[in-house]
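The values are calculated or read from the model by the stated rules, or taken from the named source; none is laboratory data. All values derive from a computational prediction rather than experimental measurement. Note that each Cβ is placed from the backbone with ideal geometry, even for glycine, and that neighbours are counted across all protein chains shown.
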Amino acid sequence: MTLPGFPDAAPLAGLAGGVMIGLAAAIMLLGAGRIAGVSGIAARAFGLADSSMPRIGAWAFVIGLPLGAVVVTELPTPSFAAPGTLMIAGLIVGIGTRLGSGCTSGHGVCGISRLSQRSLVAVATFMATGFATVAAMNALGLEVLP
């Protein structure tokens, strides 16, 4: 399936991924009573935050994220930025999630579904920043992907 004007879009894959993320967040909330916020879970794994979540569970979650990316790279035609760019971007995002008291997964997936005002503001900020970044990169003629 293709979308007009977006020949490389994969809406069904995006829908499947969204359903899996939502299902994982619901299972974590209903099963463990925890919000599936990646930055909070990562902070717990590295001992930077206290939480009721066992550290072994936090480590399993953190290790599972890049393993999922490895699986995706084995699919046909993956396209990612260079590893150095990804590491720098990840560091910047990590600092931002600590400053914003949460990340897109915690605020965007779990917070908005609970109609949290703080999450609504955080997601609006994330989106505005993303739009501005893409607009600036396009205006400068920079490519997001190699």
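Details
- One residue alone among 115, 99 is at positive phi and loosely packed, with under 11 Cβ neighbours inside 10 Å, and that residue is 115.
- Residue satisfying all of: in segment 118-146; of a type in the set (A, V, I, L, M, F, W, C) and touching a residue at least 60 places away in the same chain (Cβ under 8 Å); surrounded by the fewest Cβ atoms within 10 Å (Cβ to Cβ) among these: 145
- The residues of segment 67-85 that are at pLDDT 80 or above and within 28 Å of residue 35 (Cβ to Cβ) amount to a single one, 67.
- Sole residue being modelled with pLDDT of 75 or more and loosely packed, with under 10 Cβ neighbours inside 10 Å, chosen from 31, 5, 40: 31
- Residues that are part of a helix (DSSP H, G or I) and hydroxyl-bearing (Ser, Thr, Tyr), drawn from segment 101-146: 104, 105, 113, 119, 125, 129, 133
- Scan segment 33-67 for residues that are outside any helix (DSSP H, G or I) and touching a residue at least 60 places away in the same chain (Cβ under 8 Å) and the total you get is 3.
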